[in-house]
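In what follows, a single structure is set out as structure tokens and then discussed.
The values are calculated or read from the model by the stated rules, or taken from the named source; none is laboratory data. Keep in mind it's a predicted model, so treat the numbers as computed, not measured. Please note: Cβ atoms are built from the backbone with ideal geometry, for glycine as well, and neighbour counts cover all protein chains shown. Note: areas computed on protein heavy atoms with side chains; ligands, DNA, RNA excluded. Shrake-Rupley method; radii C 1.70, N 1.55, O 1.52, S 1.80 Å.
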Amino acid sequence: MAAEVKAQASSSSGQRSFTEVLRTVFGPVGQLILFIVGSALALSLVVVLLALLQIGARPDILTRALTILPQVIIDGLVRGFLFASIALGYTMVYGVLEFINFAHGEIFMVGGVVGAAVSLFLASSGLLAGMPGLLFVILVIAVGMVVSGALAVTVERVAYRPLRGAPRLVPLISAIGVSLVLQDLMRLMMTNTPLGFNARFNTPDFGPPIRLFEMNLGARPVPVILPPKALIFIVASVLMLIALNYLVNATRLGKAIRATAQDMPTASLMGINVNQIVALTFLIGGALGGAAGALFGLNVGTVNPYMGFIPGLKAFTAAVLGGIGNITGAMVGGVVLGFLEAFVASYLSLFTNGAFSGAAYADIAAFSILILILIFRPSGLLGEATTQKV
Amino acid sequence: MALLELKNVHTYYGKIHALKGVSITVEKGEIVTLIGSNGAGKSTTLRTISGLLTPRGGEVYFSGQRIDKVPAHEIVKLGIAQAPEGRRIFPRLTVLENLEMGAYLHSTRSQAYHDDLERVFTLFPRLRERTAQKGGTLSGGEQQMLAIGRALMTRPQVLLLDEPSMGLAPVLVEQIFEIVKTINGQGTTVLLVEQNALQALSIANRGYVLQSGAIVLEDSAQALRENETVQKAYLGLE
């Protein structure tokens with residue numbers, strides 16, 4: 001009996017088994033996939049229902065709706081992962097400091113600008129044309145991560161840490177100040193270099209769009225295509241999210257981050273250097289934001305010093321939507337918001353017969369739905385189990 | 001040389017003068033208790049020793065080394081651990097992860113870590129049954145056990161216990177104090193802060209009485225138990 005208990009203890013206290021690590025890492029990823037498939041299916045269903053409602057007056061509407069559906073889903077994925085990778089920076093910092101780092105959108109922007117600078121350098125030195133696409137992608141992401149990560153850590157050290165004990169509004173104002181400083185500093189730098197205000201993000205040729213399959217709807221088959229840049233965005237984001245989940249859920253450092261987020265003074269009683277952990281969360285959040293910026297620039301083809309504002313605001317929204325402070329929640333919130341936006345942008349004008357142009361109303365619709373969700377689930381979709389500190 | 005020594009320590013919360021010249025010594029192997037009413041400065045004293053608060057005046061020595069300017073996470077390294085007031089378990093980490101956090105400074109791959117874990121599970125068999133449970137879902141008594149166990153995982157020479165009996169059923173209080181005695185018997189020096197003065201004085205070697213941020217009495221536990229003022233003010237005896 002005693003031996004049995006002992007054996008049990010040693011298995012529970014011993015090294016985590018491989019399957020256990022897989023579960024802690026892929027559990028959140030599974031949850032994310034669930035929400036991706038779920039929101040894609042739910043929104044597609046809504047589209048089909050809306051089309052069927054109008055089919056009497058406009059017989060071709062279902063075909064038209066279905067024709068663009070796969071493209072809308074891909075667009076939603078790209079937007080979703082964009083918001084998700086920025087939202088992580090907000091949520092990680094909030095988790096540890098209960099502070100909204102409003103300069104995070106600018107950290108994202110800097111990643112994009114740095115990527116554009118790398119691409120300009122490669123293009124002007126003639127290296128770009130012969131460069132393998134994968135190498136280029138890895139290079140711009142790496143540079144974006146390093147610069148944005150370092151910038152985020154610096155901003156924390158200079159503008160936030162001295163205000164740690166101050167009333168909560170004070171660091172918030174400091175963050176808004178940092179945001180403006182970074183915008184105009186980048187504008188100054190860009191307009192005085194060959195980059196220019198609207199910097200081109202040169203890329204090597206990634207080849208033709210990938211034809212996934214063809215849909216047989218009505219007269220002629222419609223090809224479903226996946227632009228290579230969208231594929232790069234999706235694959236890179238998924239890899240980053242998996243890596244982050246591994247770091248946070250399965251490593252000693254990740255546990256220290258979670259412990260610090262849950263109770264900072266007690267974490268320091270464990271021998272955790274909480275200042276280092278705070279810097280680390282800024283580093284990780286900044287690096288993810290920088291990578292997202294580089295990927296965004298690569299995808300869109302141009303960057304400017306003010307491009308961080310709107311995605312930053314939306315990513316913040318995504319973080320709140322998923323449950324701020326909750327890492328999986330930020331990813332889920334980003335993906336859900338991305339899908340909402342993509343669907344509204346593409347279908348609003350179709351279903352209102354052109355009365356509203358979808359792209360212009362996408363934000364209104366997305367944020368209205370967000371407000372509704374928050375009224376009924378104020379803690380967000382996944383919610384952080386915020387047991388109030390005693 | 002005393003293992004732990006506070007010399008004329010003054011600690012503030014902003015403008016509030018919480019400790020007004022506290023001097024305490026703890027010798028190796030002792031159980032020393034700090035008793036006093038609410039707001040007397042007992043927890044402040046422990047938080048000052050642990051480095052969560054930095055005193056504005058006075059000195060704190062540990063094994064002869066001055067530690068009052070050392071940050072909290074460095075003090076743990078030196079061998080001072082605290083089970084803080086209100087237990088402060090990490091609510092969304094499991095019991096095992098909470099204990100791993102206690103062992104943050106040590107390798108969890110080493111044999112010594114497993115021995116530490118075994119020691120904690122032997123002292124608190126309840127924790128062994130609950131390793132996979134989230135800390136926030138434990139009962140008050142179990143949380144207190146986890147808080148003490150977590151502090152032990154740091155391999156302390158001195159264990160600072162802040163109100164371990166708070167909010168616990170009398171039978172559990174007995175148990176916790178028994179375990180504190182056991183831990184002390186295994187070679188860990190204990191500085192115990194308690195409102196439950198009777199229990200604290202029954203296991204301590206010596207005691208200090210703290211009132212409004214200053215030490216008003218110090219003596220052997222035996223003498224304090226028999227002291228008329230202590231009996232009236234803290235033991236509820238007439």
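Nearest 10 degrees, 0 to 90: what angle lies between the long axis of helix A:133-155 and the longest principal axis of chain A (Cα atoms)?
50 degrees
Ignoring ligands, DNA and RNA, how much accessible area is buried between chains A and B, both sides summed, with a 1.4 Å probe, to the nearest 100 Å²? Numbers along the way, then the final one.
Numbers: alone 18890 and 10930 Å², together 26950 Å².
Heavy-atom accessible area buried at this interface is about 2900 Å².
If I require 15 Å or longer along the helix axis, counting alpha carbons, and a Kyte-Doolittle average no lower than -0.5, what helices from chain B are left? Use full DSSP H segments. It would help to have the intermediate numbers written out before the result.
Values: long enough: B:111-123 (18 Å, -0.56); B:140-152 (18 Å, 0.11); B:170-185 (23 Å, 0.76).
Passing helices, by number: B:140-152, B:170-185.
Might you tell me the accessible area per residue for the range B:66-149, computed with a 1.4 Å probe and given in Å²?
37 Å²
With the alpha-carbon atoms as the only input, what is the per residue convex hull volume for the range A:196-249 in Å³? Working shown, then result.
Values: hull volume 9.4 nm³, N = 54.
Taking only Cα atoms, the range A:196-249 has a hull volume of 174 Å³ per residue.
With springs only between Cα atoms under 10 Å, which of A:Ala279, A:Ala51, A:Ala330 fluctuates most in a Gaussian network model of chain A?
Maximum fluctuation in the GNM of chain A, among the listed residues, is at A:Ala51.
Go ahead and estimate [θ] at 222 nm for chain B from helices alone: -39,500 (n - 2.57) per DSSP H run with n ≥ 4, summed, over the residue count, rounded to 500.
-10500 deg cm²/dmol
Can you work out the PRE-style zone for A:Leu188? Point 7 Å along Cα to Cβ, and I want the residues of the range A:271-311 with backbone N under 14 Å.
Those under the cut-off are none; the list is empty.
So which aspartates and glutamates pass the test for B:Lys7, namely a Cα distance under 15 Å, with those fewer than 8 places away in the same chain ruled out?
B:Glu27, B:Glu59, B:Asp68, B:Glu218
Sequence gap at least 6, Cα distance under 8 Å: using those rules, report the relative contact order of chain A to the nearest whole percent.
Relative CO of chain A lands at 31 percent.
What area, in nm² and to one decimal, does the C-alpha convex hull of the range A:21-100 cast on average over all directions?
Average of the hull's projected areas for the range A:21-100 equals 7.4 nm².
With a 1.4 Å probe and every protein chain left in place, work out the accessible area per residue of the range A:233-343 in Å², rounded to a whole number.
Accessible surface, normalised per residue, equals 23 Å².
Once amide H atoms are placed 1.01 Å from N in the peptide plane, what residues at a sequence separation of 5 or more from A:Ile225, or on another chain, have their amide H within under 5 Å of its amide H?
For A:Ile225, the qualifying residues are A:Leu212.
What residues have an amide H closer than 5 Å to that of A:Thr302, excluding those fewer than 5 places away on the same chain, when H is modeled at 1.01 Å from N in the peptide plane?
Residues meeting the amide H criterion: A:Phe201.
Could you sort the residues of the range B:49-84 by number and keep only those whose accessible area is reduced by 50 Å² or more in the all-protein-chain setting relative to the chain alone, 1.4 Å probe?
Residues shielded by partner chains are B:Leu52, B:His73.
Where nothing but the Cβ of Lys and Arg (+1) and of Asp and Glu (-1) is charged, how large is the charge dipole of chain B around its Cα centre, in debye to the nearest 20?
Here chain B has a charge dipole of around 720 debye.
Diagonalise the Cα gyration tensor of chain A and give the resulting equivalent ellipsoid semi-axes, square root of 5 times each eigenvalue, largest first, whole Å.
They are 36, 28, 22 Å, listed from largest to smallest.
List the relative contact order of the range A:171-231 as a percent without decimals, with contacts defined as Cα pairs under 8 Å and 6+ residues apart.
Relative contact order, the range A:171-231: 21 percent.
Compute log10 of I(q)/I(0) for chain B with the Debye formula, placing one identical point scatterer on every Cα and leaving out solvent, at q = 0.11, 0.12, 0.15 Å⁻¹, to two decimals.
So the normalised log intensities are -0.54, -0.64, -1.01.
Of A:Ile327, A:Ile272, A:Ile257, which is the most mobile in a GNM of chain A whose springs link Cα atoms less than 10 angstrom apart?
Most flexible of the set in this elastic network: A:Ile272.
To the nearest 10 degrees, how steep is helix A:228-250 against the longest Cα principal axis of chain A, on a 0 to 90 scale?
Orientation of helix A:228-250: about 20 degrees from the principal axis.
About its Cα centre, how strong a charge dipole does the protein assembly as shown have in debye, to the nearest 20, once Lys and Arg get +1 and Asp and Glu get -1 at the Cβ? Walk me through the numbers before you get to the answer.
On the way: 46 positive and 38 negative charges, 172 e Å.
Dipole magnitude for the protein assembly as shown comes out near 820 debye.
With springs connecting C-alpha atoms under 10 Å apart, model chain B as a Gaussian network and identify which of B:Arg109, B:Arg225, B:Arg47 has the largest mean-square fluctuation.
Of B:Arg109, B:Arg225, B:Arg47, the Gaussian network model singles out B:Arg109 as fluctuating most.
If each of B:Arg56 and A:Ile310 carries a label point 7 Å out from its Cα toward its Cβ, how far apart are those two points in nm?
Calculated label separation equals 5.3 nm.
Rounded to the nearest 500 deg cm²/dmol, what is the calculated helix-only ellipticity per residue at 222 nm for chain A, with -39500 (n - 2.57) per DSSP H run of length n ≥ 4?
Taken over chain A, the calculation gives -25000 deg cm²/dmol.
Go through the range A:24-38 residue by residue and turn each phi into a ³J(HN,Hα) via Karplus (6.51, -1.76, 1.60, θ = phi - 60°); whole Hz please, and just put x for glycine and proline.
Rounded to whole hertz, the list is 5, 7, 8, x, x, 5, x, 4, 5, 4, 4, 5, 4, 4, x.
With a cut-off of 8 Å between alpha carbons and a minimum separation of six or more residues, what is the relative contact order of chain B in percent?
27 percent
As I understand it, the dipole of the protein assembly as shown uses +1 on the Cβ of Lys and Arg and -1 on the Cβ of Asp and Glu, about the Cα centre. Which of B:Gly187, A:Gly333, A:Met145 lies farthest toward its positive end?
Value computed over the given set: A:Met145.
May I ask for log10 I(q)/I(0) of the range B:154-221 at q = 0.14, 0.19, 0.24 Å⁻¹, from a Debye sum over the Cα atoms as equal point scatterers with solvent left out?
At q = 0.14, 0.19, 0.24 Å⁻¹ the computed log10 ratios are -0.43, -0.79, -1.16.
Describe numerically, in nm with one decimal, the distance between label points set 7 Å from Cα along Cα→Cβ at A:Val46 and at A:Asn198.
3.2 nm
Could you give me the percent of Cα pairs per 5 Å distance bin for the range A:290-350, shortest bin first, beginning at zero and ending with the bin that holds the maximum distance?
Once binned at 5 Å, the Cα pair distances of the range A:290-350 give 4, 17, 19, 23, 21, 13, 3, 0.
Within the range B:110-158, which trypsin sites (Lys or Arg not before Pro) sit in a loop by DSSP and count at most 16 neighbouring Cβ atoms inside 10 Å?
In loop regions of the range B:110-158 (DSSP not H, G, I, E or B), there are no sparsely surrounded trypsin sites (Lys or Arg not before Pro).
Using Cα positions and a limit of under 22 Å, work out the lysines in reach of A:Lys314, with same-chain residues fewer than 8 apart set aside.
Counting by Cα, and skipping residues close in sequence, A:Lys314 has these lysines nearby: A:Lys229.
Along the three principal axes, how long is the range B:7-47 when you take its alpha carbons, biggest first, rounded to the nearest angstrom?
Principal axes ranked by extent give 36, 22, 14 Å for the Cα atoms.
How fast does the range A:120-218 diffuse by Stokes-Einstein, in µm²/s, taking the Kirkwood radius from C-alpha pairs at 4 °C and 1.567 mPa s?
For these conditions, the coefficient is 74 µm²/s.
In degrees between 0 and 90, to the nearest 10, how far off the longest principal axis of chain A does helix A:327-351 point, with axes built from Cα atoms?
The helix A:327-351 is inclined about 10 degrees to chain A.
Tell me which residues come under 5 Å, amide H to amide H, from B:Leu4 once H is placed; ignore anything under 5 positions away on its chain.
Residues meeting the amide H criterion: B:Val26, B:Ser63.
Ratio to report: Rg/Rh of the range B:126-185, with Cα atoms as the point set and Rh obtained by the Kirkwood method; give two decimals.
That ratio is 0.95, to two decimals.
Give me the dipole magnitude in Debye, nearest 20, for the range A:166-298 about the Cα centre, with unit charges on the beta carbon: positive for Lys and Arg, negative for Asp and Glu.
Charge dipole, the range A:166-298, about its Cα centre: 100 debye, nearest 20.
Give the residues of the range A:77-100 whose amide nitrogen is closer than 17 Å to a point set 7 Å from the Cα of A:Leu163 in the direction of its Cβ.
Only A:90, A:93-100 pass the distance filter.
Evaluated at 25 °C with a viscosity of 0.890 mPa s, what Stokes-Einstein diffusion coefficient in µm²/s does the range B:13-132 have when Rh comes from the Kirkwood expression over alpha-carbon pairs? Walk me through the intermediate numbers first.
Numbers: Rh = 16.7 Å.
My calculation gives 147 µm²/s for D.
Which whole-Hz ³J(HN,Hα) couplings does the range A:83-96 yield from phi under the Karplus relation 6.51 cos²θ - 1.76 cosθ + 1.60, θ = phi - 60°, glycine and proline marked x?
Each residue of the range A:83-96 in turn: 4, 4, 6, 7, 4, 4, x, 5, 6, 5, 5, 5, x, 8 Hz.
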